[in-house]
Amino acid sequence: MDFVALKNKYEKIKSESRKLDMSRGKPAPSQLDTVNELLFAISSGDECILPSGVDCRNYGGIDGIPQMKSLFAQILGMEEKEIIVGGNSSLTMMYDTVARAMFFGACEGSKPWSKCEKISFLCPVPGYDRHFAISEAFGMNMINVPYKEDGPDMDFIEKAVAEDESIKGIWCVPKYSNPTGITYSDEVVRRFAALKPKAKDFRVFWDNAYVVHDLFDGGDSLLNVFDEAKKQGNEDMFYIFASTSKISFAGSGIAVFASSKKNVDHALSYMKYQTIGPDKMNQLRHAKLFPNIDSIMVQMEKHAELIRPKFLAVLEAFEKELSDVEGVWWSKPKGGYFISLNLPKGKAKLVVSLAKEAGLALTPAGASFPYGKDPDDTNIRISPTYPTLDELKQALELLCTVVKLVCHKDFE
Ligand code: PLP
């Protein structure tokens, strides 16, 4: 399409006052409806008493109910003693884990991070904005780590952690990474497990948020990092997180922190000051609906049926409209919640702002980078799940028009 025709198309769409939103990776209402049984999972007081005699309505059980420990042990391929089942948000557990290390140290006898002159975190980019926001909130120095096709650049990471004692942690989303969709290869996982950091209290924040979130046949498989770490005697180095936020209700799911027994005991020794116990009723509701990993897989197929057509719509639109646009490429993930759209240098902010003017809210350009700054201004995170398929198609028409317009040789 020539430049004038593209411009006219953009102006026409703009005049239609569309109100479209692809800004956050939220489940659509139709996905939430697949789990409405949760609303009625418990109907009497008797059902609240566990076989162990624990009354879920009462105080206690700080590390979670046994049924949910068992479920997360199955999901993560770990042992129940390595698991703390929490409230509704893994992000809260990540924040609290950082806060504990800041105030009290990452392990017995180690210096609180806040007493160190400088704290640095490695941040594979593009990554999850809320991870970087936690680091920013605690005043950490964030170091961008480039991605390769099979995970973050391990040469970079191995060298950095071996040389720089101020590096205390790294944020990882190892499966269907937010937003690249990349799953770490076996080699990357093994290299993580074998890291030899200079800082003895260095920790890998392994956020396995999309552990069971396959969308297409032959979904990616992720090597069990904790098994590999045990082989290296490195299991204390891993903090593993997940939640049912994108399995059940995003705002009312169940989160998990998993690590070595030593780290779990250390965490509990501080958590006991924070709470007398998590919301065991919600844990029980989940345990009733999801007694084992098989029931989780059935549920994930319901999500996939709703999300798959949306991912396909994005991929088909990009293929049809953008494959001839020089310097534009995108991820083709087999699961997760995001597609990463990459533009020629210096174009991302412009695309987001022109799309906004014409009625489409996208994730702000740069959001997937520390301090919200994409050094090349190339990356846009596409979140296809929330809009209906019809809205998504309208959004894609607009987005592709803007990308073609901005990347046109006559665009000034
Ligand atoms: N981790 C990642 C990588 C995410 O993408 C998200 C949500 O988008 C979360 C964590 C949030 O998890 P939760 O709802 O358990 O706090």
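What follows is calculated from the coordinates using simple rules that are stated; it is not laboratory data. Since we're looking at a predicted model, the values are computed, not measured. Here Cβ is always computed from backbone atoms with ideal geometry, including for glycine, and neighbour counts include all displayed protein chains.
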(request) Only Lys, Arg, Asp and Glu count, each charged at its Cβ (+1, +1, -1, -1), so figure out the dipole size of the stretch 118-255 about its Cα centre, rounded to 20 debye. (result) 400 debye
(request) Under a cut-off of 16 Å between alpha-carbon atoms, report the lysines in cross-link reach of residue 81, not counting same-chain residues fewer than 8 places apart. (result) 69, 230, 261, 262
(request) Among the listed pairs 272/373; 26/231; 26/347, give every one whose C-alpha distance is greater than 32 Å. (result) 272/373; 26/231
(message) Loop-only GluC sites (Glu not before Pro) in the stretch 42-128, please: DSSP not H, G, I, E or B, and at most 11 other Cβ atoms within 10 Å.
(response) 108, 117
(request) Assign one of three labels to the stretch 143-242, namely rounded, prolate or oblate, based on the Cα gyration tensor with a ≥ b ≥ c the square roots of its eigenvalues; rounded applies when a/c is under 1.5, prolate when it is not and a/b is larger than b/c, and oblate otherwise. (result) prolate
(message) How tilted is helix 293-322 with respect to the longest principal axis of the chain? Cα atoms for both, answer in degrees (0 to 90, nearest 10).
(response) 20 degrees
(message) Compute a Gaussian network model of the chain, connecting alpha carbons closer than 10 Å, and tell me which residue from 49, 143, 247 fluctuates the most.
(response) 49
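Order by neighbour count: 203, 130, fewest other Cβ atoms within 10 Å first, most last.
Working: 203 23, 130 14.
So the residues, fewest neighbours to most, are 130, 203.
Where the convex hull is taken over the Cα atoms of the chain, what is its projected area averaged over directions, in nm²? Spell out each step's value before the answer.
Working: hull surface 82.9 nm².
So the mean shadow area of the Cα hull is 20.7 nm².
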(request) Distance between Cα centroids, the stretch 350-378 to the stretch 51-130: provide it in whole Å. (result) 32 Å
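What size of dipole, in debye to the nearest 20, comes out for the chain about its Cα centre when the only charges are +1 on Lys and Arg C-beta atoms and -1 on Asp and Glu C-beta atoms?
Details: 50 positive and 56 negative charges, 154 e Å.
Dipole size: approximately 740 debye.
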(message) I'd like the orientation of helix 154-163 relative to the chain: the angle between its Cα long axis and the longest Cα principal axis, in ° from 0 to 90, rounded to 10.
(response) 50 degrees
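Grab the DSSP H runs of the chain that are 4 residues or longer, score each as -39,500 (n - 2.57), total them, divide by all residues and round the 222 nm result to the nearest 500 deg cm²/dmol.
My calculation for the chain gives -12000 deg cm²/dmol from helical runs alone.
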(message) Helix 90-104 against the longest principal axis of the chain: what's the angle in degrees, Cα atoms only, rounded to the nearest 10?
(response) 60 degrees
(request) Using a/c under 1.5 as the rounded threshold, could you call the stretch 220-302 rounded, prolate or oblate? The axes a ≥ b ≥ c are square roots of the C-alpha gyration tensor eigenvalues, and prolate needs a/b larger than b/c, oblate otherwise. (result) oblate
(message) Quick check on the stretch 179-276: of the DSSP beta bridges with both residues there, what percent are antiparallel, nearest 5%?
(response) 50 percent
(request) Taking just the C-alpha trace of the stretch 1-152, give me its Rg and Dmax in Å. (result) 23.5, 73
(message) How much of the DSSP bridge set in the chain is antiparallel, in percent, rounded to the nearest 5?
(response) 45 percent
(request) Express as a percent, rounded to the nearest 5, the fraction of DSSP beta bridges in the stretch 46-203 (both residues included) that run antiparallel. (result) 25 percent
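From Cα pairs below 8 angstrom and at least 6 apart in sequence, can you work out the relative contact order of the chain, rounded to a whole percent?
Values: 773 pairs, mean separation 107.7, N = 412.
RCO, the chain: 26 percent.
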(request) Based on other C-beta atoms within 10 Å, arrange 273, 147 from fewest to most. (result) 273, 147
(request) Note down the relative contact order for the stretch 128-259 as a percent, whole number, built from C-alpha pairs under 8 angstrom at least six residues apart. (result) 21 percent
(message) How big is the dipole moment of the stretch 314-412 about its Cα centre under a simple scheme where the beta carbon of each Lys and Arg is +1, that of each Asp and Glu is -1, and everything else is neutral? Debye, nearest 20, please.
(response) 320 debye
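For the stretch 204-260, what class follows from the C-alpha gyration tensor (a ≥ b ≥ c being the square roots of its eigenvalues): rounded when a/c is under 1.5, otherwise prolate if a/b is larger than b/c, else oblate? Mind showing how you got there, number by number?
Numbers: a/c = 3.87, a/b = 1.42, b/c = 2.72.
In terms of gyration-tensor shape, oblate.
So what is the relative contact order of the stretch 120-194, in percent, for Cα pairs below 8 Å that sit 6 or more residues apart? List each step's numbers first, then the result.
Working: 99 pairs, mean separation 28.4, N = 75.
It comes to 38 percent, rounded to a whole number.
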